[in-house]
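The values are calculated or read from the model by the stated rules, or taken from the named source; none is laboratory data. Everything quoted here is computed from the prediction, not taken from an experiment. FYI the Cβ positions are ideal-geometry reconstructions off the backbone, even for glycines, and counts take in every protein chain you see.
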Amino acid sequence: MALPFLCSVLIFTFLFCNPPPLSAQPQQNISNFSSSDSPWRPSQGQILLSPNSTFAAGFWPTPTSPNLYIFSIWYLNISVHTDIWSANANSPVSGNGTVSITASGELRLVDSSGKNLWPGNATGNPNSTKLVLRNDGVLVYGDWSSFGSPTDTILPNQQINGTRLVSRNGKYKFKNSMRLVFNDSDSYWSTANAFQKLDEYGNVWQENGEKQISSDLGAAWLRRLTLDNDGNLRVYSFQGGVDGWVVVWLAVPEICTIYGRCGANSICMNDGGNSTRCTCPPGFQQRGDSCDRKIQMTQNTKFLRLDYVNFSGGADQNNLGVQNFTICESKCLANRDCLGFGFKYDGSGYCVLQLKRLLYGYWSPGTETAMYLRVDNSESDQSNFTGMTDLLETTCPVRISLPLPPEESNTTTRNIVIICTLFAAELISGVLFFSAFLKKYIKYRDMARTLGLEFLPAGGPKRFTYAELKAATNDFSDCVGKGGFGDVYKGELPDHRIVAVKCLKNVTGGDPEFWAEVTIIARMHHLNLVRLWGFCAEKGRRILVYEYVPKGSLDKFLFPARGILKSEEDYAEDELLDPSRPPMLDWNIRYRIALGVARAIAYLHEECLEWVLHCDIKPENILLGDDFCPKISDFGLAKLKKKEDMVSMSRIRGTRGYMAPEWVKMDPITPKADVYSFGMVLLEIVSGRRNNEIQDSLTQSEDWYFPRWAFDKVFKEMRVEDILDSQIIHCYDSRLHFDMVDRMVKTAMWCLQDRPEMRPSMGKVAKMLEGTVEMMEPKKPTIFFLAD
């Protein structure tokens, strides 16, 4: 009898002192919590549900210790447990912790020491105020709500309004809804406009009406905006099944640029995903997360070049603008605190001295920077961070020596006879071999011409026969455009691809020169360039096969037959009466078109292996896809035009109204000529008018200049509405569109300066449109033959 009694006592004592974990308790769902329900303990196993059963709140065991609990809010009925808010994430309570409403109406979360862990001041009427969880995931008690004290997550339609997010490990913060910082001070990412809210469709709204768009925009998923422990701000969608939470937007694409990934003097390396590794530069050795010098620096030092390496933090970074590399190097050598310097070989004068400490180092080809690390002169380590420059400079030195001529012998006559005999034999053999080679060459050349293989470039675009293209275009019956380089026909290839077939006319040069240019054009790949798929060359015919861009050229949308439309409803009614009328381009689409064209021209000028000038930027050469994505056509063809087909003079290329002044002044032609043409097109996109249409002005028609008229309206009369396109003037909202239109107009004015050196490069033009560089007020555009 004693033994069973003793076992019962031991079992009762064990259960009383060690209550079963929350997951083993029977679950009790409640719709609210009031003072009559106090206290609420983890051992009760109850959860507070939202009316739509999407969210739940209550005590949940910590991942590391099932006997410690955090009072949190999480998604209910999904396969992955995900907390979106917690009251005591850094101070979990034991099984004795309680949530209660006191007699004075205060909501408290108390641990074993009696300390109140509930965030903020949550008070109410003890008889009527209840703790409830709403359908949008907000926990409310009186005037207090969890949305007012967010932790690391923002839910759809939760106002951000400058609130601060903190990662669960406490290392990273999202401050003022604009900046991501490490250790509460070092900022590594920021946005110009503060975040306002995340909506249910996947848009992250910012100030001034701008927004960040997720990759699954519009889909009906559960969403959240979370600051993760790795320091990245991400938007997640729960897509169910095996996918679970999927990242649909993130602030920092290259994770190594986030501060704190590696220690001092260390370099972060990324494998292309979310995993990174830390490595030491030459001259350093690993010590924990950081790196120490192998040999301390003395007065005699040298530099090791680390291609694509950048250290973005330190006790003091000195940003200099220098003329060349030598000056930047001497500045570092003159400062004994300088541990190295970063330099760009792009002519911008970029030079940054790294002083006292080397922090937040990372490797990425996108940095465009070479880091010169300062080490002691006795350091024997060699740089293992090398780019393509060193790989291309591998030459093999070969020393060639000729033997001394032999001494003159007495058998000169015999030697002369032998040499003449050998020369005659070689000459006869050479003639016979050349005759045989010529016969074979003529035979195979005729065969190549018959089969159409002549001048076929290796690895180049596909070559079509004339018969194939004739069948694809239905005997060239559907003409969709005419231009200076020839007529364009719509066709369909046997693989059902829709193509645009351009029959070139008046092309200069022979076949080798022509196909050399075509091969260069085919290698240019950019989102905003029309793709060249193939060509045809038979019996003097020169035909290019491009991708088909369905909506046609930009001029049809900017300059349609004008009517009197007072509102957007009138325009829609007119479209129904006349379906052939092109749709109206709103301000956002026009801005996207302008930015896409700028990036494509910058690609031609600055990123191609072959330096390409377009020479004929105009709306007719800008095509629009189904989603109004712009694509530039006729690039790279300027070299093929015959001189007699140029405008006015043999050296002039382009269309009147879009040509830069240097074409006429006989000045050297640079990429700034395309910048001028783009500025005129950008002004036409804003105004919806041809640049040769005289507007309301007192200036005589022969002296009237479109950019000067626009400048006076915007910067002197302060009447920007006078230059806006009358088709969509009713859609213009100064609060939403002023900054965008202002950037477009200022950028156009800078591009239209009459002196080429005053115009920015196309790369800078794209950044000006993006708003990532500061713009000064431009000077008034003039043209050399008009008085100011």
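With respect to G114, is the statement that it is on the phi > 0 side of the Ramachandran plot, without any contact (Cβ under 8 Å) to a residue 24 or more places away in the chain and not in a strand (DSSP E or B) true?
yes
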- Task: Scan the range 60-74 residue by residue and report those that are of a type outside the set (V, I, T) and touching an Asp or Glu at 6+ places or on another chain (Cβ under 9 Å).
- Result: W60, S72, W74
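Does K211 satisfy the criteria of being basic (K, R), farther than 24 Å from T54 by Cα, without any contact (Cβ under 8 Å) to a residue 60 or more places away in the chain and out of contact with any Ser or Thr (no Cβ under 8 Å at 6 or more places or on another chain)?
Working: basic (K, R): yes; farther than 24 Å from T54 by Cα: yes; without any contact (Cβ under 8 Å) to a residue 60 or more places away in the chain: yes; out of contact with any Ser or Thr (no Cβ under 8 Å at 6 or more places or on another chain): yes.
Answer is yes for this residue.
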- Message: I'd like the residue in the range 158-179 that is touching a strand residue (DSSP E or B) at 6+ places or on another chain (Cβ under 6 Å) and of a type in the set (S, T, N, Q) and, out of all such residues, is farthest from G105 (Cα to Cα).
- Response: S177
- Note on the structure: Among (1) modelled with pLDDT of 75 or more; (2) out of contact with any Asp or Glu (no Cβ under 7 Å at 6 or more places or on another chain); (3) of a type outside the set (D, E); (4) not assigned by TED's automatic domain parsing to the domain that holds L683, F559 falls short only on (4)
- Item | Residues that are in contact with a strand residue (DSSP E or B) (Cβ under 9 Å, 6 or more places away or on another chain), over 11 Å from L320 (Cα atoms) and surrounded by fewer than 17 Cβ atoms within 10 Å (Cβ to Cβ), drawn from the range 349-366 | K356, R357, S364, P365
- Test L609 against the stated conditions and say whether it is over 17 Å from G688 (Cα atoms) and modelled with pLDDT under 85. yes
- Here the residues within the range 154-164 that are in contact with a Gly (Cβ under 9 Å, 6 or more places away or on another chain) and under 19 Å from Y75 (Cα atoms) are L155, P156, Q158
- Limited to the range 728-760, what total is found for residues that are touching an Asp or Glu at 6+ places or on another chain (Cβ under 9 Å), among the polar types (S, T, N, Q) and closer than 20 Å to V675 by Cβ? 0
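Tell me yes or no: at least one residue of the range 33-47 is within 23 Å of T163 (Cβ to Cβ), crowded, with 20+ Cβ neighbours inside 10 Å and outside the structural domain of T163 (by TED's automatic domain parsing).
Checked the range 33-47: no residue is within 23 Å of T163 (Cβ to Cβ), crowded, with 20+ Cβ neighbours inside 10 Å and outside the structural domain of T163 (by TED's automatic domain parsing).
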- Task: For residues that are crowded, with 18+ Cβ neighbours inside 10 Å, out of contact with any Lys or Arg (no Cβ under 7 Å at 6 or more places or on another chain) and touching a residue at least 40 places away in the same chain (Cβ under 8 Å), tally how many sit in the range 214-230.
- Result: 5
- Across the range 353-370, what is the number of residues that are in a loop (DSSP other than H, G, I, E, B), under 14 Å from F343 (Cα atoms) and among the polar types (S, T, N, Q)? 1
- Query: What is the residue count in the range 189-210 for residues that are under 12 Å from L225 (Cβ atoms) and in contact with a helix residue (DSSP H, G or I) (Cβ under 7 Å, 6 or more places away or on another chain)?
  - Reply: 1
- Item | Residue within the range 301-309 that is among the polar types (S, T, N, Q) and either exposed (fewer than 12 other Cβ atoms within 10 Å of the Cβ) or out of contact with any Asp or Glu (no Cβ under 8 Å at 6 or more places or on another chain) (or both) present | no
- Query: Of the residues that sit in the range 473-518 and are of a type in the set (V, I, T) and modelled with pLDDT of 80 or more, which one is surrounded by the fewest Cβ atoms within 10 Å (Cβ to Cβ)?
  - Reply: I498
- Unmet criterion (only one of (1) at pLDDT below 90; (2) in contact with a Lys or Arg (Cβ under 7 Å, 6 or more places away or on another chain)) for T98: (1)
- Message: Criterion first (under 29 Å from the mean Cα position of the chain (by Cα), under 21 Å from C338 (Cα atoms), part of a loop (DSSP other than H, G, I, E, B) and not assigned by TED's automatic domain parsing to the domain that holds D216) does G263 satisfy it?
- Response: yes
- Please enumerate the residues belonging to the range 276-321 that are touching a residue at least 60 places away in the same chain (Cβ under 8 Å), within 28 Å of G366 (Cβ to Cβ) and not in a strand (DSSP E or B). P281, P282, G283, Y308
- Filter the range 48-81 down to residues that are of a type in the set (F, W, Y) and within 17 Å of L131 (Cα to Cα) and give me whichever is surrounded by the fewest Cβ atoms within 10 Å (Cβ to Cβ). W74
- Query: Q700 fails exactly one of the following numbered conditions: (1) of a type outside the set (S, T, Y); (2) farther than 30 Å from I543 by Cβ; (3) at pLDDT 80 or above. What is the number of that condition?
  - Reply: (3)
- Counting just the residues of the range 247-261 that are in contact with a Leu (Cβ under 9 Å, 6 or more places away or on another chain) and closer than 18 Å to T367 by Cα, which one comes out surrounded by the fewest Cβ atoms within 10 Å (Cβ to Cβ)? V252
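Give the residues of the range 532-546 that are of a type in the set (D, E, K, R) and buried (at least 16 other Cβ atoms within 10 Å of the Cβ), sorted by residue number.
E538, R542
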- Task: May I ask you to say which residue of N135, N157, N183, N169 is at positive phi and either touching a residue at least 60 places away in the same chain (Cβ under 8 Å) or β-branched (V, I, T) (or both)?
- Result: N183
- Message: Please count how many residues of the range 530-556 are modelled with pLDDT of 90 or more and of a type in the set (D, E, K, R).
- Response: 5
- Message: Show me the helices (runs of 4 or more DSSP H) entirely contained within the range 689-781 in which 2 or more residues are over 32 Å from the mean Cα position of the chain (by Cα) and of a type in the set (F, W, Y).
- Response: 706-711
